[in-house]
Structure formats: structure tokens, C-alpha cells
Amino acid sequence: MTVNPASPAQAPERATADPGTPAGPGTPTPEANSAVPAPARRRMPPRAWVALGFLALVVLGAAVGPLLLPYSATETDLPNRLLPPGARLSDGGVALLGTDQLGRDLLAQILAGSRVSVIVGLATVLIGGFAGLVLGLLAGYFGGWIDTLISRLGDAQLAFPSVLLAILIAGVLGPSLTNIIIALAVTRWVIFARVVRASALTVQGLEYVESARVVGAGHVRILVRYILPSCWAPLLVAGTAQIGLAMVAEASLSFLGLGVPVTQASWGATISDGRDYLSSAWWISTLPGVALALVVVVVGLVSDAYRDHTDPRAAL
Amino acid sequence: MLRFVLKRLAQALLIILASLTVVFLVVRVAPGDPAALILGASASPSDLADLRRELGLDEPLLSQYATFLHGVWQGDFGRSWRLGGDALANVLDRLPATLQLSACALLVTLAVGFPLGVVSARRAGSWIDRLISVPTLLGQALPSFWVGVMLILIFSRTLGVLPATADGTVASLVLPSVTLALPFLGWLARLVRNGVLEELGKDYVRTARSKGVDGRVVFYRHVVRNMMIPVVTLLGLLVGNFIANAVIIEVVFAWPGIGSLMIDSITNRDYSVVQAAIMTITVAYVLLNLLVDFLYVKLDPRLNPEHMS
Amino acid sequence: MTDTRPPHGGTPTPTDGAPLISLTDLRLTLGRGAGAVDLVRGVSLDVPQGTTVAVVGESGSGKSLTALSMMGLLPPGVTVGGGDIVFDGTPVARLTEREWQPLRGRQLGMIFQDPLSALNPCIRVGDQIAEMFRLRAGLGRREARDRAVESMVEVGIPDAERRARSYPHEFSGGMRQRVMIAMALSLQPRLLIADEPTTALDVTVQAQIMRLLIARKQARGLTMILISHDLGVVSRSADSVVVMYAGRVVESGPSREVLTRPAHPYTVGLMRSVPDRRRPGAALEAIPGQPPDPRTVPSGCAFHPRCPMARDRCRTEVPALRPVGPARASACHFADEVVGGGANLPETNDASEVSGHV
């Protein structure tokens, strides 16, 4: 990965403050009466790595899990319906997490649902992030009416609760994976655009950008070589934070029946299905939710750790 | 002050107009023929054509828009083909239930979140602080609808102490409002905690201490009071999420409010009700934001135009 | 600018002659354990009743922390690592917050550098002053308000009755500082500590505020400790001066003497780096280098890397603060040389001609 958290935007300042030590604390400013030295740059804590590992497993499970499992997530198997976790099936297999009201293995459901969640989470952030990146760069770099237009548009959109917008779009367009991604991405781009715009604004005023312009570098070149690198870190921080939110949004939409079509498994839909069987088969609603909660919390941990890593001041 | 009020009102109107327009456009884009939906698949083509003409679906988009706005101005969103009766009337019928739920949830949020935040701040770094931070973080991370279902499972199906759906009793308010309040409670607690800690580091606190003012007075009279300002601003952000969550919670608990009506209507393509519901929600959202803005200006004397000397 | 100091360095109110407050070898430490750093490394000073003692030095010298420690208002993380502070016979260096409370406001008061941030922005000015009377003197609301207005009048705030209902941001810098002074002096404390009271103000306003402080001091027999960058302010208002560098006292004595015939190369450097009306057009000589980081204080005399007179002994041996004349002390191995004329400053009887900031 070529992402460098020590972005060029910070380099000029660090050069004057403390040339020798790579990540050591700088000399206290003359103003600090009780001179509190800045803490050394933090490594990513071990638990962040554990969290990342867990997430990798999740993605792996999403990708390959349904293929490996002998049980189908969609075929109904009524004789074996509503079996508790660990129960034996009529054909001798074991339903590790039980079966749902149509006899479908819950573990298979959860794995299939994880696929949907991961895809939606990643796609939403990638698409929304890309759109936000482009628009944010344009707004921050060119300023003027472009900036005003984009910013006002973003403000106007944010003025309205985004989930409602997603509900409306998804509801009207009809249940489908693509539609959810569209609906969610449309509501997310503003966040990314704002983050990128802020970075772009700071960088484009710096001297080395000025000198590049003077030398005759074209806009595209300046954008790609100078401005873009410093936008990565905050974009990634925002992105990792948004993945979890996008997953919850998808689950919520599917729960409401506005998400993926009935033929596809989704954690939200499974939880919703299980509501009628809470007394008799609590596992149907509970377990997918546990999976979702776990993934969201872990994503949050990774996102926080990454943010602390790239901006030590935020951790203070 | 008057200029400020007028400006915010104008903004509010713009937002309402914008959301109406968006809804209008999105609904028109929807696949499926509304006339066929209303009359059913077995209707004759001429009946369908008649209805289409009656609903103005054959007109050019702009004139449909004009008709639509004209109707909205008079409070006419059309009729609900599913429930019968005027669309807006159907929506407003459900307003009290939503208000009840929201008010209750807000109460819970403030009554629990605020003190938790204050305690956390007073004992920052201690085990109490850490203990409080766990559920508050969890409350924000866990998906709301699932928490609702789990609470139903525990308190209604297993323990049998609380009802799971609206039955007119106060007890039935408990689970939905607690579920709705949970994420915001946690958020508020963290906000208050951090706000207090930040104020504690400010110079005027040191001055108050240098005057020999008692620690507790410093804390409540100076710090907590000043901290309200940033909290109130951020409260404004809360409103949008609150409304969105309320919609979902209403569905979870089958609460007879506007939110559940809206979802049902979307699923069943009863678009006149959808439009009426969204406008009502937008108006509520805008009003709440206005309220927060006024509160904020009132609280911070630095912004109060009357005090600009 | 007339010299507003009372003649003969002040007339102390008759007491047993003991200083009102005295610091003995005070050490202030940031942090604990292995990474702990001493920010103030052994400061001793006595403040006789009724006098004004100025503490001067560059940023980072530890002067503000020393002042804060005298009220128990050290920032979080900074503790008293050693030494003593005795106020009116009572040791106060290690009091708890609760034990400090009765003393603050009543016995000692403090005013701070930036009155805008030091006043609560959301409470009316009159109420902030009245708070003292209500909470500490047990007065009723109305009476406390009246007394607050009175104290605003005393510090020269015009239209006080009406202005008491205003908020801090509605005042100018000078007026805000007057409010702070009114507030700090409302319960008539015996000691006032002024931490850079004029640094954030315009030059013209600075003079007004200093005059106000002196006037208040004379009216009440106040003892004052003045922390400042500004040598001009010091020379005009202080009876004695304490010069701090890198957390220690390097020179002390009557202000007139210290400023005209300094006994430490640092003080000499300070005087030279400041515009002097007696030498118009003369080049300002900044002291080369920077004050040391508290974590890496130079061995021996902390000033030696920047000192034009540094010798071998300076690098190895820490100079003690020793007397170099009546009521004068200096922490330089070669103080006598410095006093004797190695400093190259023109003689004058009136140090008030010096102006400017450090």
C-alpha cells in the first residue's frame, strides 16, 4: 500500500521543528510555560491488528464460506425447520447455529448475509468515496463557483436525514443489491467530499504547490502528485468509519423489507424473519445480529486506531 | 434578532420545498403504473386511462409539479388508495403516537445521558468512567433495530414483564422509547463528558478557583453551564438521526406512528401517503432544528445580537 | 514617565519584619517517575510586606509556574517536588484544594494575563464580581451586587452600574483587566499576584493599568508580586526584582540597582536587548541562542552556552545564589566582574528610562 500517513503536508513543518529525530517529540515552543513535550508517535496498538485480522477472516468467510458449507442458504427444508443450534438434522448433519423457519441452516444464512454486508459496505464506501474524492478535490482545489456549487449541494443534502433519503430511494427503486448501493452511496458522498475538500484546501495553499504551478505544471499533474497524497489519510479514516455505518444501514433497510430481494440472504432480513418466532426459536433473530454487532464494533476499533495513528493529536 | 429569525425561516422553507421536489421526482421515477396499482391488474385499459387522466399522470412533468405544489399548499396530497381517505389526514392521525414515542425517548436520553456524562467527567480516568464508557460505546455501535428485537425477546417473550407492541398502556411505551434512546444516550453521555473536561481546562475555571470559589460551585455554575453551548449545537445533528431511528423503531414495535405508516406506504406504493408523510417529517425536522438554533443563540451571550455593544 | 514607586523602596506596614510570603528552594516537577522533568529547580525568594517584587525572565523560565504555585493553582501534572512556600507563617506548598479555599480570595488574590479568557464569557461581569461577596462574604444578592458595582467604580470603570450587566466580550481589553483587578481585590487580600497583567494590552492601556495597580496597592497596603516580560514596567513599579532563568533565580535585588548595575550576564543581556532611550539608535543585541529545554538543561551554569563571559568553571560547577552587595544576590561565578563594569552600561540614577519588553 502506498499510503503514507506522514503526508507531504506535514513534512515542511517537521523539517524545521526537528530535523534529526524521525518521530520524536519536537522542542517545546517558547510560549509553553509549563512545557509539555508532545508524545512520541504511537504505533498501532496490538488490538488493532487483532481487529484487522478478525475483519480479514470475515471477508474471507464472506467470499468463500457459502461455497465451503454443504448447506444451502436458500433452499427450503421444511422437515428440519426451527431446530436449535447444535441440533441434528434428519439427514444426519449438524446445524451448528440452528435452522430457521424454512429449515435453512442459519450458519449458511449468516455467511451468505455476510457476503451482502461486506459487498454493500465496501461498494458504498468505494463509490461514495470516489465520488466524494473527485468532487472534494474539485471544490477544494479550484474554489470559486465550483466550490460554492458543490458545497451548497452537499449542505442541502445533509440538511435532510440521510437514512430517510436512502429509505425513499431504495423503496421506490425496488429491492435489489444494486439499488441499495446506489441509495447508500448517494447519501455518503458528502461526508467524503467534505473531508477531501478540507485537505485539498490546506495543501493547495502551501508553497510547494505554488512553485509547481509557477513552473507550469498542469492541473491534473498538480492534483495527482501533490494534492491527492495528503487527502488519502483522512479519506481512509472516514472510509473505515463509514463501512460500519453502511453495513448497519443496509441491514436496517433489509429489515424494513426495502433492501435485498427476498431471494437473497441478508442479516437484516433474517432478523426480521425471526421476529415471529422469538419465543420458539430465538436464535434466528439473535445470531445474525450478534454477527453484525461484532463486525461493526471491530470496524470501529480499526477505524479509531487508524485515526489515532495518523493524527496523534486527536488521541490526546 | 429579527433578521436572524427571518433568515432561518426562509432557509426552513427552502428545505421543505427541496424535499417536496425530491419526493415528487423520486416517486415519478418509480417503476410501475400507479393507476394499475390503484385499480388492480384486472382493470380495463379505458378505466386505467381515465384514472391516469384524473390523476394528471399524462400531463408534462412541469405541469404535474405545479399541480402538485398547488395541492400541497392547500394541504391536499391526494387520497390514499390503500387506506381510503385523505392522505394528509391519515398521516396526521398517526402524529400523536409518534410524538408520544419521541418525547418519551428524548426524556430518557436527557435524564440518563446527561448525569452519566457529568459523573464520567467528574471521575475522569477512574473505573467509573471506564465502566460508563462501555455501554455508551456499545449503545452507539449496535444496530438499533436488533437491540429492539433483543429487548422484546428478553423482556416480553422470556420475562413477560413488558408488552412488545402498543396497547395504550404506559408500559408499552417503555421498550420502544428505551430502544430509541439508547444510541443517543450514549452519544450524549460522551459529549457531556468531553465537553466538561474541555471546559475544565479553560482559563476562567482557574480564575474561579483563584477566587476561592468552592469546587462544586465552580463545576456546576461555571463549567456545566458553559458546556451546554457546544452540546446544544451538536444536539442539532442529533435530530436527523433521531427521526430516522424513530421510523425504524416504530416498525420494530409495530408502533402506530407516522414512521411505520410511511414504510408500509412505500412498500405498497401508496405514494400520496408517502409524500404527505415525508413532508410532515421534514417540517418536524426543520422546526426542531430551528428550535435548537434559537436555543443556542439564547445560551451564548457572545452571539446574542442584543448584546453587541 | 514619572517614577511611581514610593521612595526608599516602599513603606512596609509595621509587622514583625517577616516576609509575607517566602519560597525556599522550591522545585516544581512535571510528571512522575522516570520521565519527570523539573521545571522550577530550586527557587528561593522572600517578599516583604507592603513591597512589590517583580519576577522577570523569558518564556520558559518558570516564573509563571512559580506564581501559580503560590496559590496552589498548578496545572495538572505539575507538582511540588521539593521545597517550601510559607505564607504568613503557614506552610502552603502541599495544601489540598479544600485547604486552599479559605485562603484564596481572602488572603491572596491573583490576576491573569489574558482577561478575555480568564473571565467566564457567559456570566455577566457584575455577577462574577458579586460571586465573591455572595459566596465568600455571605452577603445577600442585592448587597453583593452593590458592593460589586462599588468595586468597579474603585478601579475606574465608568458607568459601572450599567456596565455590571454586560458580558466580558463587550469590554475593551483594559476594562476587562480592571474587572479582573476589582474581582481579585474585592475581599481585600493581603497579597496580589499579577501574572503578566499588561502583556495582552495596548501600550497606552498598559500604563493605566499599572498606575491603577500601584494606586490600589498604596491605598490598601497591599503586597504585590509582579510577573513580567516587561523590564520597563518592572523598573517603574517594583521595589525589588528577581531574575529567573531556566527554572532558577539568577539574580535578585532592589530594582534600581539590578537594572542599572546588573550582577549577572543574563540580566546584562536582557538590558541590552531592550530599547533604551539613553542610547537612541544603538543596535539591539539579542542574546544568542534559546532558553534550554527543561529536559536538557546544560551542565554547570545553565546560562553558559549563551554567555559571552563563559569560562571552564561555568561548564562544570553550578553557581550558587550568593550575596554580592546589600540585599543583592547573583548566581554567577564572576558576579563581581559583571558588576564592576564588564557590562558596559552607562551609569544612571534613574532606571525608569528603560522601556520595552524582554
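Quick note: the coordinates plus some simple rules give every number you see, no bench work behind them. Computed from a prediction, not measured in an experiment: that's the story for all the values here. Note that each Cβ is placed from the backbone with ideal geometry, even for glycine, and that neighbours are counted across all protein chains shown.
Relative to the longest principal axis of the Cα atoms of chain B, the long axis of helix B:61-73 lies at roughly 60 degrees. Considering all alpha-carbon pairs of the stretch C:137-289, what whole percent are spaced by more than 22 angstrom? Cα-Cα pairs in the stretch C:137-289 separated by more than 22 Å: 51 percent. The HN-Hα couplings worked out from phi for the stretch B:181-192 by the Karplus form 6.51 cos²θ - 1.76 cosθ + 1.60 (θ = phi - 60°) are 6, 3, x, 6, 4, x, 4, 5, 4, 5, 4, 4 Hz, whole numbers, x standing for Gly and Pro. Rounded to the nearest 10 degrees, the angle from helix C:141-154 to the longest Cα principal axis of chain C is 40 degrees. Summary value for chain C: 20 percent relative contact order, contacts being C-alpha pairs under 8 angstrom separated by 6+ residues. For peptide B:211-222, the mean count of partner chain Cβ atoms within 10 Å of a residue's Cβ comes to 5. The C-alpha radius of gyration of the stretch C:55-199, expressed as a fraction of 2.2 N^0.38 Å, stands at 1.10. Peptide A:283-293 has a mean shielding of 3, counted as Cβ atoms of other protein chains within 10 Å of each residue's Cβ. Using Cβ point charges alone (K and R +1, D and E -1), the dipole size of chain C about the Cα centre works out to roughly 580 debye. Proximity of backbone amide H atoms, modeled 1.01 Å from N, is registered between B:Arg79 and B:Ala87 at under 5 Å, excluding neighbours fewer than 5 places apart on the same chain.
With N counted as the residues of the stretch C:118-188, its alpha-carbon radius of gyration over 2.2 N^0.38 Å works out to 0.96.
From the largest down, the stretch C:25-141 spans 50, 32, 28 angstrom on the principal axes of its Cα atoms.
Amide H to amide H, which residues 5 or more places from C:Ile21 or on other chains are under 5 Å from it, using H placed in the peptide plane? Under 5 Å from the amide H of C:Ile21: C:Val47, C:Asp88.
With the charge dipole of the stretch C:122-252 set up from +1 on Lys and Arg Cβ and -1 on Asp and Glu Cβ about the Cα centre, the Cα lying farthest toward the positive end among the listed residues C:Val250, C:Thr223, C:Leu139 is that of C:Leu139. Dividing the mean sequence gap of close Cα pairs (under 8 Å, 6+ apart) by how many residues the stretch A:103-252 holds gives a relative contact order of 37 percent. With neighbour counts taken as other beta-carbon atoms within 10 Å, the residues B:Ile16, C:Ile181 rank, fewest first, as B:Ile16, C:Ile181.
Put a plus charge on the Cβ of each Lys and Arg, a minus charge on the Cβ of each Asp and Glu, and nothing anywhere else: the dipole of the stretch C:118-188 about its Cα centre is then about 160 debye.
So what's the convex hull volume per residue for the Cα atoms of the stretch A:209-266, in Å³? So the per-residue Cα hull volume is 113 Å³. Across peptide B:106-118, the mean count of Cβ atoms from other chains lying within 10 Å of each residue's own Cβ comes to 0. With Cα atoms as the point set, the radius of gyration and Dmax of chain C evaluate to 20.6, 68 Å.
In chain C, a dipole from Cβ-located charges (positive for Lys and Arg, negative for Asp and Glu) runs towards its positive end, and of C:Pro168, C:Leu39, C:Gly82 it is C:Pro168 whose Cα lies farthest in that direction. A cut-off of 5 Å between modelled amide H atoms, ignoring neighbours fewer than 5 places along the same chain, links C:Val249 with C:Ser44.
When B:Trp146, A:Trp232 are arranged by Cβ crowding within 10 Å, least crowded first, meaning fewest neighbours, the order is A:Trp232, B:Trp146. Which longest uninterrupted range of chain C lacks any GluC sites (Glu not before Pro) assigned by DSSP to a loop state (not H, G, I, E or B) and surrounded by at most 16 other Cβ atoms within 10 Å? Result, exposed sites excluded: C:1-284. The charge dipole of the protein assembly as shown, taken about the Cα centre with unit charges on the Cβ atoms of Lys, Arg (+1) and Asp, Glu (-1), comes to about 1780 debye, rounded to the nearest 20.
Going by neighbour counts of Cβ atoms within 10 Å, the residues A:Phe192, B:Phe294 line up, fewest first, as B:Phe294, A:Phe192. By definition, a body whose alpha carbon gyration tensor gives a ≥ b ≥ c is prolate when a/c is 1.5 or more and a/b is larger than b/c, and the stretch B:98-199 fits this prolate description. What's the long-distance tail for chain B, i.e. % of Cα pairs beyond 33 Å? Of all Cα-Cα distances in chain B, 42 percent exceed 33 Å. With 10 Å bins beginning at zero, the pair-distance distribution over Cα atoms of the protein assembly as shown amounts to 2, 9, 15, 18, 17, 14, 11, 7, 5, 2, 1, 0 %. Axis of helix B:127-141 versus longest Cα principal axis of chain B: the two differ by about 10°, to the nearest ten degrees.
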